[in-house]
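Remarks on the structure that follows.
The values are calculated or read from the model by the stated rules, or taken from the named source; none is laboratory data. What you see is a predicted model, and the numbers here were worked out from it, not measured in a lab. Note that each Cβ is placed from the backbone with ideal geometry, even for glycine, and that neighbours are counted across all protein chains shown. SASA here: full protein model, heavy atoms, side chains in, ligands and nucleic acids out. Shrake-Rupley method; radii C 1.70, N 1.55, O 1.52, S 1.80 Å.
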Amino acid sequence: MTYLFDDPKKFPAAAVEGLVAAHPEELTQVHGGVVRRNATPEGQVALVVGGGSGHYPAFAGWVGPGFAHGAPCGNIFSSPSSDQVYSVARNAENGGGVILGFGNYAGDVLHFGVAAEKLRAEGVDVRIVKVSDDIASNSEENHRDRRGIAGDLVVFKVAGAAIQAGADIAEAERLAWKANDATRSLGVAFDGCTIPGADEALFHVPEGKMAIGLGIHGEPGIDEVDMPSAEDLARRLVDGVLAETPELDSTRAAVVLNGLGTVKYEELFVVYAHVARMLGEAGLTIVRPEVGEHVTSLDMAGLSLTVMRLDEELEELWLAPADTPAFRRGAVVDGPAGEERGEIYTPGEDPIPEASEDSRGSAARIVEILADLQEKLEEWEPELGKMDAVAGDGDHGQGMVLGVRAARAAAEKAADGGAGARTVLVQGGSAWSAEAGGTSGALWGAALTSLGSALADDTAVTPEQLVAGIVQAIEAVERLGGAKVGDKTMVDAMVPFRESLESAGTPSDLAAAGAAISTAAEAAAEAAEGTSDIAAHLGRARVLGDKSVGTPDPGAVSFSRIVARLGEQLA
């Protein structure tokens, strides 16, 4: 169990506070996580890695020269919010762009993605790297759709070393993906972990058994077998990670034997002796192995084996110096250290860029449209909630109202402060995401932010910008949510809407754009109604299968109604 805490709900924040107090010369605490004590050198890429708390040393323990520049820290086993990710990235970035790195989990994909949309809207070059090393979570041909476990260490170490050596953002991104694609991991567990304040572990493995392929949050494994000896366990791990040969078929490899929290160092060494021998017998030369706790899961009893194949390029980066609270290698980290950190960004009063009178006029119109949508969504709330209650949790209508209210208030405040169209929508989108919560809240926040990034603060909104921005916003939702037509989500209505809008061509004025949007909204409404015949494949409703048949997806319905109302307003 987890023994020591004050308020269980504040455990992650308290742990971060203590980490920074223990490493005051290396780390600075910011809203949502930590960054290096010194500012990122001007023009250097910022590597921001993160995920839920409970995995230390991942991720905050890897912040320092030769490794990461910042780490957002979510709640226990939960993705950091987009607000936390944005805050840490904003404090880490200094003109070289940002690489956001995380394990490939749905919540992380969504919230890091929403933060990326906001950063891009501000002109920051953002790249995303999703680590996917766990062979138990998907097939070989779907390697990049697997989840990330202890492979996070080797992938981010390579990226951080490349940045320290002077790589620009494109080169660092290339090397991170190269490392990811060369990495395979397999984990096992003997018993579950206990979240602070909980009476029971998240799960239990039957006595005398071992679970194979369990995720670092307790996700189900692929098998349960009798408890093995250390040698038999080593054989199973080695055979698992060597069952696939990555495209980088090298006989040199970085190897990590990772303890998940309760299996201690002497036990890991016993297993590693067998692992080293077996990898050698398989023809691999091990380069600077790591044996210890690197990606933990609170007090989970278990361990994992990671093997990254190395060529000359990856080996040099794997061996390069690093100096962080939890990972130190080499005596000196070459390259610029960064100046003493100045002002720290804290969410609150976002600055209002200068705007032209024409753009402020467009901003005022945007606020009017948001006010109208708020009125309509408040009217539709009970109906949307009933739809969602059939195969969801019944909160879709409430979430949409919370989101649009927050967006309208933020947009109104920005407009009153003299903001242009771009800033009004970006700040409105950020507020929607922060206040609405849930998947739809994050996606609608990203949509408004993406739409805003297509507009400008120095000119009035043009029909070309509006149509391009709407298409861009829908593409952002598709990219972040991962849904496809037929999954019974709002994408089922968005895609035919987008296709209709694109086929209409460039409108001559905003009224013509409104007419095209109204026509496209008819296609969206028809598609939304058609989701009645589909069983859900994504989201909370997916576990209920056919129970959702006969009721349209509330997200698709709300989208179709919103765009129909937008068309009316513009026309």
inquiry  = Just to check your reading of the model, which residue among 70, 74, 95, 52 is of a type outside the set (S, T, N, Q), open to solvent by less than 20 Å² (accessible area, probe 1.4 Å) and modelled with pLDDT of 95 or more?
reply    = 70
request  = State all residues of the range 325-335 that are in contact with a helix residue (DSSP H, G or I) (Cβ under 9 Å, 6 or more places away or on another chain) and either among the acidic types (Asp, Glu) or assigned to a loop (DSSP other than H, G, I, E, B) (or both); if no residue qualifies, say none.
outcome  = 325, 326, 327, 330, 333, 334, 335
ask   = Are there any pairs, at least 6 apart or on different chains, whose C-beta atoms fall under 7 Å, with the first in the range 307-333 and of a type in the set (S, T, N, Q) and the second surrounded by 15 or more Cβ atoms within 10 Å (Cβ to Cβ), and if so, which?
value = 324/61; 324/62; 324/63; 324/64; 324/67
query = Can you tell which of 293, 267, 244, 281 is buried (at least 16 other Cβ atoms within 10 Å of the Cβ) and of a type in the set (Asp, Glu)?
reply = 293
query = Hey, any hits in the range 409-429 for a residue that's in contact with a helix residue (DSSP H, G or I) (Cβ under 6 Å, 6 or more places away or on another chain) and within 23 Å of residue 553 (Cα to Cα)?
reply = yes
message = Tally up the residues in the range 169-191 that are open to solvent by 10 Å² or more (accessible area, probe 1.4 Å), touching a residue at least 60 places away in the same chain (Cβ under 8 Å) and out of contact with any helix residue (DSSP H, G or I) (no Cβ under 6 Å at 6 or more places or on another chain), please.
response = 6
task = Please indicate, with yes or no, whether at least one residue in the range 128-140 is without any contact (Cβ under 8 Å) to a residue 12 or more places away in the chain and in a helix (DSSP H, G or I).
result = no
ask   = Does residue 209 satisfy being in contact with a strand residue (DSSP E or B) (Cβ under 7 Å, 6 or more places away or on another chain) and open to solvent by 30 Å² or more (accessible area, probe 1.4 Å)?
value = yes
task = All but one of (1) of a type outside the set (D, E, K, R); (2) in contact with a helix residue (DSSP H, G or I) (Cβ under 6 Å, 6 or more places away or on another chain); (3) in contact (Cβ under 8 Å) with a residue 60 or more places away in the chain hold for residue 52, so report the exception by its number.
result = (2)
Restricting the range 2-32 to residues that are among the aliphatic types (A, V, I, L, M) and open to solvent by less than 50 Å² (accessible area, probe 1.4 Å), the residue that is nearest to residue 66 (Cα to Cα) = 27
inquiry  = Take residue 158 and tell me if it is assigned to a helix (DSSP H, G or I) and β-branched (Val, Ile, Thr).
reply    = yes
request  = Quick one: count up the residues across the range 243-264 that are among the acidic types (Asp, Glu) and touching a helix residue (DSSP H, G or I) at 6+ places or on another chain (Cβ under 7 Å).
outcome  = 2
query = Which members of the range 397-425 meet the condition of being within 22 Å of residue 490 (Cα to Cα) and surrounded by 24 or more Cβ atoms within 10 Å (Cβ to Cβ)?
reply = 399, 400, 403, 404, 407, 425
request  = Could you tell me which numbered condition residue 198 fails, if it satisfies all but one of (1) open to solvent by less than 60 Å² (accessible area, probe 1.4 Å); (2) more than 30 Å from the chain's Cα centre (by Cα); (3) of a type in the set (A, V, I, L, M, F, W, C)?
outcome  = (2)
inquiry  = Can you say whether residue 322 is modelled with pLDDT of 85 or more, closer than 30 Å to residue 31 by Cβ, out of contact with any Lys or Arg (no Cβ under 7 Å at 6 or more places or on another chain) and open to solvent by less than 20 Å² (accessible area, probe 1.4 Å), as far as the supplied structure shows?
reply    = no
task = Taking only the range 340-366 into account, find how many residues are among the basic types (Lys, Arg) and either closer than 18 Å to residue 412 by Cβ or surrounded by fewer than 15 Cβ atoms within 10 Å (Cβ to Cβ) (or both).
result = 2
The range 112-135, subset under 30 Å from residue 257 (Cα atoms) and touching a Lys or Arg at 6+ places or on another chain (Cβ under 8 Å), residue most open to solvent (accessible area, probe 1.4 Å) = 130
remark   = Of the residues in the range 221-266, those that are in a loop (DSSP other than H, G, I, E, B) and among the β-branched types (Val, Ile, Thr) number 5
inquiry  = Need pairs with beta-carbon distance below 7 Å; first residue in contact (Cβ under 8 Å) with a residue 24 or more places away in the chain and surrounded by fewer than 24 Cβ atoms within 10 Å (Cβ to Cβ) and within the range 142-168, second assigned to a helix (DSSP H, G or I) and among the small types (Gly, Ala, Ser); sequence gap 6+ or separate chains.
reply    = 147/137
